[in-house]
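The values are calculated or read from the model by the stated rules, or taken from the named source; none is laboratory data. Every value quoted in this text rests on a predicted model; they were computed, and no experiment measured them. Every residue, glycine as well, gets a Cβ built from its backbone with ideal geometry; the counts of neighbours run over all protein chains shown. In case anyone asks, the SASA skips ligands and DNA or RNA and just uses the protein heavy atoms, side chains included. Shrake-Rupley method; radii C 1.70, N 1.55, O 1.52, S 1.80 Å.
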Amino acid sequence: MAQFINGKDTLVTDAIDGLLATSGGALHRLDGYPHIKVVCRSDWDKSRVALISGGGSGHEPAHAGFVGPGMLTAAVCGEVFASPSVDAVLAGILAVTGAAGCLLIVKNYTGDRLNFGLAAERARAYGLQVSMVIVDDDIALPDLPQPRGVAGTLFVHKIAGYLAETGADLATVAQAAQDAVTDMASIGTSLDTCTVPGSPKEDRIAAGMVELGLGIHGEAGVQQVAFDGAASAMGMVLDKLAPHMDGDRHVALVNNLGSTTPLEMAVLAHALTTSQKARQITAVIGPAPMMTSLDMHGFSVSVLPLTPQREAALSHPVPMHDWPGMTALAPVTVKPLPDGLSPIQPIPSENPATRHLIETCCDLLIAAETDLNALDAKSGDGDTGSTLATAARALKGSMDRMPLADLTQLFRAVGNELSQTMGGSSGVILAIFFGATGDACASGKPTTEALKTGLERISQVGGAQQGDRTMIDALHPALNTLHIGIADAARAARTGANTTATMGRAKAGRAAYVPEENLIGHTDPGAEAVARLFEGLATTMDG
């Protein structure tokens, strides 16, 4: 798998220098490359307790992304998934620790414990006050004698960082950090493992499965189950966290493990905030990437009981953009649409033949969803089938509200429905088409002529003409032949659709942005949808 790196050997140092170069001078590093990679606050004067964390790289923005006022004083970075050396940790301690001492925040992995622990002993020999807290918040493997440290580490960074920034002594900072570790719990889940630079990707998680409880280095989790959507995945995580949530006020840290898209993370946030299993969660940090595992397609949730002191610490703003802040959960606010935009509800009426015709059209488009998506992927973003199928399902579900016995009102009602339920430009185009068709019917035109009027209107508004490689290349000949019969219209639509595969560069629609060589040999998906619709209707009516 290709990655935007220059080479495995310089990956971490390149990334650190990129962070420093874009920090506006807020951060600097110690001169120890390649073996000593320590990121420090540039404004630090050693007058307060210093906070140092770190470990293997690959978890960005942790830990260097959280160096700054109110969180870490320094971060010691190892190679990808490898603990930094004793010398690197010691260099960090000596660089930032004054008379107030320092606290080492260490995730519970053998390498980190050993290297940070020995560095602490050596620093004490220099006469420095050094305390260490071990974060072991992972609850995925309850029988594990040494639970792993995962995203709950960020709670410790923020709580201890707030206290240190406000002048608390080392004992107070260390005790608050340890109390948080004792009270927190974390677990993650993922649809895939991560890709370690320079190594083949492990295909441990089969397609259609989700793994619960895997570690932030790709370690195997506690179980794999069939994936059944975001709500189910979040439900599994909350089930595991439930025994660790005593009391009625908790904060949840919703963490992106690497490559989960912001859209997916928002869906997961919705699943959490609407779940009955999350009643005790009253505030949230995220969703955001905070403690990642390279490109892992997953998420984790960490929970911590809220006290007034913790709430003050976690909600205090810091300038580091990677920290998303804590917000209190509140019900979703919904306000009425502005006047004039609320949909006008038609007066329902029944016509069995018209209902059957519309439902048949909807079924044909739903059945073609996968094929149309595949065709659209050749020349667009692969969503034509889904867009049409979504609108078809919504239209089919609205039949009881439709004026089926009044064609004039029906065309307008269909247009209104599509404008609300069909995304992209397609919804607008078809809303114009059916609205203009309804207006033509109202002026006395027969249905076939009214449909051609609708077609003329979308050409005027959208600018596409026959020959531009759009749905019009199938719809125009079909409507011009419809007065002869549906079978003739279907043949005309198919001929028009097939012709788009031989056309050069598209002159309208999203395909107009696609190189000509990518289009040749592929039918326009909108034209294909029109052809399949007419062909399906011809077959149904002949039967």
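Observations
- Using a probe of 1.4 angstrom and keeping all protein chains present, the accessible surface of the chain works out to 45 square angstrom per residue.
- Approximate spin-label separation ASP339-THR274, in nm, with each point projected 7 Å along Cα-to-Cβ: 3.2
- Note that segment 355-462 carries a Kirkwood radius of 14.2 Å, evaluated over its alpha carbons pair by pair.
- Taking amide H positions as modeled 1.01 Å from N, with prolines and chain starts lacking one, the residues under 5 Å from GLY258 and 5 or more places away or on another chain are SER293, GLY298.
- Using every pair of distinct Cα positions in segment 191-321, the Kirkwood expression returns a hydrodynamic radius of 15.6 angstrom.
- The loop-placed GluC sites (Glu not before Pro) in segment 314-383, going by DSSP, that have at most 16 neighbouring Cβ atoms within 10 Å of their Cβ come out as GLU350.
- Spacing of the two label points (7 Å from each Cα toward its C-beta) at ILE520 and PHE4, in nm: 3.3
- Note that segment 313-324 has calculated 3J(HN,Hα) couplings of 5, 6, 8, 5, x, 10, x, 6, 5, 6, 8, x Hz, one per residue in order, obtained from phi through the Karplus relation 6.51 cos²θ - 1.76 cosθ + 1.60 (θ = phi - 60°); glycine and proline are x.
- With every protein chain in place, segment 365-445: carbon and sulfur % of accessible area (1.4 Å): 52
- For segment 244-322 versus segment 350-381, the gap between their alpha-carbon centres in whole angstrom: 40
- Extension gain, ARG355 to LYS46: 0.36 nm times the residue separation minus the Cα-Cα distance gives 103.5 nm.
- Residue-level accessible surface for VAL334, protein heavy atoms, 1.4 Å, Å²: 120
- Size descriptors for segment 238-297, from the alpha-carbon set: Rg then Dmax equal 12.0, 35 Å.
- Taken over the chain, the alpha-carbon convex hull comes to 189 cubic angstrom per residue.
- Pairs beyond 21 Å (Cα-Cα), from LYS37/LYS107; LYS158/LYS240; LYS107/LYS158; LYS335/LYS396: LYS158/LYS240; LYS335/LYS396
- Computed over the chain: relative contact order in percent, which uses C-alpha pairs under 8 Å that are six or more apart: 9
- Converting phi to 3J(HN,Hα) with the Karplus coefficients 6.51, -1.76 and 1.60 and the offset θ = phi - 60°, segment 390-398 yields 4, 5, 5, 5, 5, 5, 5, x, 9 Hz in sequence order, with x at every glycine or proline.
- Cleavage-rule hits, trypsin sites (Lys or Arg not before Pro), segment 40-104, DSSP coil, Cβ neighbours within 10 Å at most 16: LYS46
- Descending semi-axes in whole angstrom, ellipsoid equivalent of segment 271-350, from the Cα gyration tensor: 37, 18, 16
- Distant-in-sequence amide contacts of MET209, defined by a placed amide H-H separation under 5 Å and a gap of 5 or more residues or a different chain, comprise PHE227.
- Rounded to the nearest 10 Å², the accessible area of SER83 at probe 1.4 Å: 40
- 222 nm mean residue ellipticity, helices alone, for the chain (DSSP H n ≥ 4; -39,500 (n - 2.57); rounded to 500): -13500 deg cm²/dmol
- Length gained when the stretch ASP381-ARG204 is fully extended (0.36 nm per residue, less Cα-Cα span): 60.8 nm
- Fraction of antiparallel bridges per DSSP, the chain only, in percent to nearest 5: 55
- Karplus-derived HN-Hα couplings along segment 353-370 (A = 6.51, B = -1.76, C = 1.60, θ = phi - 60°), whole Hz, x at Gly and Pro: 5, 5, 4, 4, 5, 5, 5, 5, 4, 4, 4, 5, 5, 5, 5, 8, 3, 5
- Less than 5 angstrom separates the built amide H of ALA50 from those of GLY98, GLY101, CYS102, LEU103, all sequence-distant by 5 or more or on a different chain.
- Alpha-carbon geometry of segment 97-159: the Rg and the Dmax are 13.2, 41 Å, given in that order.
- Linear extension gain, ALA328 paired with ASP239, 0.36 nm per residue minus alpha-carbon span: 29.8 nm
- Partners of LYS452 within straight-line reach, counting aspartates and glutamates whose Cα lies under 20 Å from its Cα and excluding those fewer than 8 residues away in the same chain: ASP406, ASP439, ASP468, ASP473, ASP488, GLU528, GLU535.
- GLN420-ASP371 FRET efficiency (beta carbon distance; Förster radius 41 Å; 0.05 resolution): 0.95
- Here the accessible area of segment 100-225 is 53 percent carbon and sulfur, with a 1.4 angstrom probe and all protein chains present.
- Measuring spread by the Cα atoms of segment 1-141 yields a radius of gyration and Dmax of 14.6, 49 Å.
- Projecting label points 7 angstrom from Cα along Cα→Cβ for SER443 and HIS483 puts them 1.7 nm apart.
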